[in-house]
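Chemist: Below is one structure. I have some questions about it.
The values are calculated or read from the model by the stated rules, or taken from the named source; none is laboratory data. As the structure is a prediction and not an experimental result, all values here were calculated from the model. For neighbour counting, all protein chains shown are included, and Cβ atoms are generated from backbone atoms with ideal geometry for every residue, glycine included.
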Amino acid sequence: MDSIIVKGGAPLQGVIPIAGAKNACLTLMPATLLSEEPLTLTNAPRLSDIATMTELLQSLGAEVSSLQDGRVLAMSTHQKINHVADYDIVRKMRASNLVLGPLLAREGQAVVSMPGGCAIGARPMDLHIHGLEALGATIELKDGYLHAKAVGGLKGAKIHLRVASVGATENILMAATLAKGTTVISNAAREPEIGDLAACLRAMGAQIEGEATGTITIQGVDRLHGATHSVIADRIELGTFMLAPAIAGGEVELLGGRIALVQAFCEKLDAAGISVEETDKGLKVARKNGRVSAVDVRTEVFPGFPTDLQAQMMALLCTAEGTSVLEETIFENRFMHAPELMRMGAEIDVQGGVATVTGVDRLKGAPVMATDLRASVSLILAGLAAEGETLVSRVYHLDRGYERIEEKLRAVGASIERVHS
């Protein structure tokens with residue numbers, strides 16, 4: 001099992017290119033099931049989760065080719081579709097459930113295993129089920145699989161989401177594109193990945209309005225056609241690499257980054273004493289003066305502070321001047337990185353969904369263990385600021401969400417290497 005060794009103390013200088021968004025690409029790929037014509041995605045990230053979704057789509061009858069060193073995904077689903085998404089693939093990744101809506105819309109039936117992914121808390125499927133049932137589907141859970149049918153096809157409906165769930169919004173949105181009549185989704189998620197999906201579906205011939213407002217209106221069409229679409233920049237990778245010079249010192253430019261993707265995050269960085277400047281090519285990030293300041297953080301759905309940047313922000317605040325309070329409101333088990341940071345000398349007190357972090361002058365390198373995707377990278381960031389050597393084990397999580405992270409950090413001066421055991 002691979003590990004990563006980080007030697008701290010070196011300030012960073014240079015540029016880091018930001019990859020296409022993992023969460024956007026994983027949402028866009030199942031859209032190929034909605035049409036018999038080809039769908040091509042450019043600016044695709046090269047990640048293990050993309051390989052898992054490729055495997056899943058191929059098992060359903062889609063043709064998926066990875067071109068230009070994995071940057072382009074050429075997909076086509078013109079053959080007969082297998083409507084069963086098997087557990088052995090779906091268990092690897094939460095986003096696998098996004099084939100449910102497209103399969104129902106095109107085939108009128110789907111059998112999809114309950115999904116897997118990082119163990120960061122309960123992420124139930126009830127909102128997905130509620131929305132698809134409102135469109136006319138009947139769904140039953142049997143032996144760990146969702147058995148869904150839409151006899152006579154899906155029909156437009158008014159759907160209010162109790163929680164602005166990203167996955168549920170995406171599943172319902174894709175299903176509604178081929179439903180008869182008009183669908184209105186209220187309290188819909190507004191993340192940039194939703195807007196990217198809507199843009200792609202419109203390029204395929206869907207009629208969608210209001211994806212940035214929280215109320216999405218979809219007028220169903222008889223069929224969708226092929227399209228070529230460029231995946232947006234990954235705002236979580238962007239935020240993660242913005243924290244690298246904030247933690248280690250120096251100045252780094254993030255190519256392809258935009259403040260609009262991480263507005264709430266940038267506001268917290270500014271309060272902590274981190275300069276973020278928009279350039280022609282992306283974002284330039286550096287500390288303003290010396291040690292960073294403590295700030296309080298509360299995770300929220302977009303446009304609030306992203307839960308997927310909470311672990312990384314905690315790593316920064318471990319060496320801030322003063323005491324910070326981080327409140328996690330999205331996932332209840334998302335402080336599993338805290339004990340590992342404490343192995344490095346951090347002072348953290350976790351009480352339920354609230355972590356109180358008292359900054360220390362310096363972290364110390366130590367052997368630590370990654371517990372999930374974002375926790376993995378938070379430990380690497382902490383290692384950049386620590387005295388001595390940090391060994392991060394179980395980094396298989398990391399490859400699900402970060403493209404060649406060691407290469408990107410080494411290119412700006414970090415001492416980091418992967419070791420194979």
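Chemist: Quick one: which residue in 55, 63 is in contact with a helix residue (DSSP H, G or I) (Cβ under 7 Å, 6 or more places away or on another chain) and among the acidic types (Asp, Glu)?
Modeler: 55
Chemist: Condition check: in a strand (DSSP E or B) and surrounded by fewer than 16 Cβ atoms within 10 Å (Cβ to Cβ). Does residue 217 satisfy that?
Modeler: Taking the combined requirement at face value, the residue does not satisfy it.
Residues are listed down the side, and each one gets a yes or a no for (1) small (Gly, Ala, Ser); (2) more than 27 Å from the chain's Cα centre (by Cα); (3) farther than 17 Å from residue 24 by Cα:
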site	(1), (2), (3)
142	no, yes, yes
147	no, no, yes
152	yes, yes, yes
169	no, no, no
191	no, no, no
200	no, no, no
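Chemist: Quick check on my filter: what residues within the stretch 63-83 are in a strand (DSSP E or B), surrounded by fewer than 23 Cβ atoms within 10 Å (Cβ to Cβ) and among the hydrophobic types (A, V, I, L, M, F, W, C)?
Modeler: Result: 64, 67, 72, 74.
Chemist: Residue check, residue 246 against (1) in contact with a Phe, Trp or Tyr (Cβ under 9 Å, 6 or more places away or on another chain); (2) assigned to a helix (DSSP H, G or I), all met but one. Which one?
Modeler: Going through the list (1) in contact with a Phe, Trp or Tyr (Cβ under 9 Å, 6 or more places away or on another chain); (2) assigned to a helix (DSSP H, G or I), residue 246 breaks only (1).
Chemist: Conditions: (1) modelled with pLDDT of 95 or more; (2) over 15 Å from residue 110 (Cβ atoms); (3) of a type in the set (Gly, Ala, Ser). Residue 152 meets all but one. Number of the miss?
Modeler: For residue 152, the exception is condition (1).
Chemist: If you don't mind, another one. Being in a helix (DSSP H, G or I) and over 19 Å from residue 290 (Cα atoms) is the filter here; which residues of the stretch 249-269 pass it?
Modeler: Those that are in a helix (DSSP H, G or I) and over 19 Å from residue 290 (Cα atoms): 259, 260, 261, 263, 264, 265.
Chemist: Go through the stretch 270-321 residue by residue and tally those that are surrounded by fewer than 19 Cβ atoms within 10 Å (Cβ to Cβ) and part of a strand (DSSP E or B).
Modeler: Of the residues in the stretch 270-321, 8 are surrounded by fewer than 19 Cβ atoms within 10 Å (Cβ to Cβ) and part of a strand (DSSP E or B).
Chemist: I'm checking my understanding of the structure. Among residues of the stretch 1-27 that are part of a loop (DSSP other than H, G, I, E, B) and of a type outside the set (A, V, I, L, M), which one is surrounded by the most Cβ atoms within 10 Å (Cβ to Cβ)?
Modeler: Here the residue is 8.
Chemist: Could I ask something else about it? Working only within the stretch 28-47, note down all residues that are part of a helix (DSSP H, G or I), in contact with a Ser or Thr (Cβ under 6 Å, 6 or more places away or on another chain) and not hydroxyl-bearing (Ser, Thr, Tyr).
Modeler: Passing the criteria: only 33.
Chemist: Within the stretch 330-342, does at least one residue satisfy the condition of being touching a His at 6+ places or on another chain (Cβ under 7 Å) and crowded, with 23+ Cβ neighbours inside 10 Å?
Modeler: Within the stretch 330-342, not a single residue is touching a His at 6+ places or on another chain (Cβ under 7 Å) and crowded, with 23+ Cβ neighbours inside 10 Å.
Chemist: I would also like to ask the following. For residue 58, work out the one condition from (1) in contact with a strand residue (DSSP E or B) (Cβ under 6 Å, 6 or more places away or on another chain); (2) assigned to a strand (DSSP E or B) it doesn't fulfil.
Modeler: So the condition that residue 58 fails would be (2).
Chemist: Sticking with this one: Could you list all residues from the stretch 382-417 that are more than 21 Å from residue 71 (Cα to Cα) and part of a loop (DSSP other than H, G, I, E, B)?
Modeler: Answer for the stretch 382-417, where residues must be more than 21 Å from residue 71 (Cα to Cα) and part of a loop (DSSP other than H, G, I, E, B): 386, 388, 394, 412, 413, 414.
Chemist: Inspect the stretch 84-94 for any residue being in contact with an Asp or Glu (Cβ under 9 Å, 6 or more places away or on another chain) and either part of a strand (DSSP E or B) or without any contact (Cβ under 8 Å) to a residue 40 or more places away in the chain (or both) and give the result as yes or no.
Modeler: Yes, because at least one residue in the stretch 84-94 is in contact with an Asp or Glu (Cβ under 9 Å, 6 or more places away or on another chain) and either part of a strand (DSSP E or B) or without any contact (Cβ under 8 Å) to a residue 40 or more places away in the chain (or both).
Chemist: If you check every pair at least six apart or on different chains, which have Cβ atoms under 7 Å apart with a residue in the stretch 357-372 that is in the same structural domain as residue 272 (by TED's automatic domain parsing) and surrounded by fewer than 18 Cβ atoms within 10 Å (Cβ to Cβ) first and a residue that is among the small types (Gly, Ala, Ser) and assigned to a loop (DSSP other than H, G, I, E, B) second?
Modeler: Listed by first residue and then by second, the contacts come to 360/345; 360/346; 364/345; 364/386; 364/388.
Chemist: In the same structural domain as residue 385 (by TED's automatic domain parsing), surrounded by fewer than 16 Cβ atoms within 10 Å (Cβ to Cβ) and not small (Gly, Ala, Ser): which single residue out of 209, 251, 237, 267 fits that description?
Modeler: It is 267.
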